[in-house]
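The block underneath contains the structure these notes are about, expressed in structure tokens.
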Amino acid sequence: MQREGLDLQRQGGEEKGEGGQQLGSQTLRFGQALTSARRQLRGLGDTPEPRPDAVEALRGLEGAGAAAYFEGFAELLPARLHFNGRKRRPPRDPANALLSLGYTLLHAEAVLALYGAGLDPFIGFYHAFDFGRESLACDLVEPLRVEVDQHALMLFRSEKLRPEDFSSTQSGCLLGKAGRARFYAEWEALAARLRKLLAESISDVANAISAAGAAGAPCPADSTAPATDTEVDDDDF
């Protein structure tokens, strides 16, 4: 199933690239970096069989693409948010805090959808099996993170959320009560779209699993073949 895992992650990288170019069309250097990363991602899937180092190569491209993406993302946010790249443990600024919250909610939606479809969220393709990590859910959310990014950008640029809605503590930057109320009021419409996209992705995964199982299943015995000496004849009873 390595091919399916690579396809999922290539899709995630390409979705982030497409989303980044939509978000940052006014930032030429940002767009050029993402275009290069997307071209290399597509190249990983051009061969009938995955390269032996395809997963490692994909991870390297994913990291480079993410760095370019968030560099451009920073230029689109209000400067007073002081966003200097993705920092998650813990988030130290309002934009990182909002991205972490959105990604957490997206991941939870993926886990629930996988259980609802009868799939084990802990057994993934690209994200390796690890204790306590819902690896398949991690695989599925990668192509959809850009939806959360666009939503966060909208909230900040429209000033539905402002730096004053957040507080900084030793444990990181936190969204306050009034800000959370506005965030969740805006989130529900996006959540409905994410559920639809997740359902489509899960259907694709289930179909791929079924196809792989069918391809590896043994051929059924020919019911019209004559009985052998070791078979029991009904006339014996």
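The values are calculated or read from the model by the stated rules, or taken from the named source; none is laboratory data. Since this is a predicted model, take the numbers as computed values, not measurements. Don't worry about glycine lacking a Cβ; one is built from the backbone with ideal geometry, like all the others, and counts go over all protein chains shown. Note: accessible area is taken over every heavy atom of the protein model, side chains too, but ligands, DNA and RNA are not part of it. Shrake-Rupley method; radii C 1.70, N 1.55, O 1.52, S 1.80 Å.
Descriptive notes on the structure:
- Residues in the stretch 92-119 that are touching a strand residue (DSSP E or B) at 6+ places or on another chain (Cβ under 6 Å) and modelled with pLDDT of 95 or more: D93, P94, A97.
- Test: residue in the stretch 177-187 that is at pLDDT below 90, among the aromatic types (F, W, Y), more than 18 Å from the chain's Cα centre (by Cα) and open to solvent by 60 Å² or more (accessible area, probe 1.4 Å): no
- All of (1) open to solvent by 90 Å² or more (accessible area, probe 1.4 Å); (2) modelled with pLDDT under 95 hold for A211 with one exception: (1).
- Within the stretch 67-114, being open to solvent by 30 Å² or more (accessible area, probe 1.4 Å), out of contact with any Gly (no Cβ under 8 Å at 6 or more places or on another chain) and either among the aliphatic types (A, V, I, L, M) or farther than 27 Å from L198 by Cβ (or both) holds for P78, A79, R80, H82, N84, L101, L105, A108, L112, A113.
- The lone exception for S167 - which of (1) under 24 Å from L112 (Cβ atoms); (2) surrounded by 11 or more Cβ atoms within 10 Å (Cβ to Cβ); (3) modelled with pLDDT of 90 or more it fails: (1)
- Filter result (of a type outside the set (A, V, I, L, M) and under 15 Å from L198 (Cα atoms)) within the stretch 136-174: C138, D139, E142, P143, R145, E147
- Among the conditions (1) closer than 23 Å to L76 by Cα; (2) over 13 Å from the mean Cα position of the chain (by Cα); (3) buried (at least 18 other Cβ atoms within 10 Å of the Cβ), the only one that K160 does not satisfy is (3).
- Filter pass, R133 being closer than 24 Å to F122 by Cβ, surrounded by fewer than 19 Cβ atoms within 10 Å (Cβ to Cβ), out of contact with any Gly (no Cβ under 8 Å at 6 or more places or on another chain) and at pLDDT 95 or above: no
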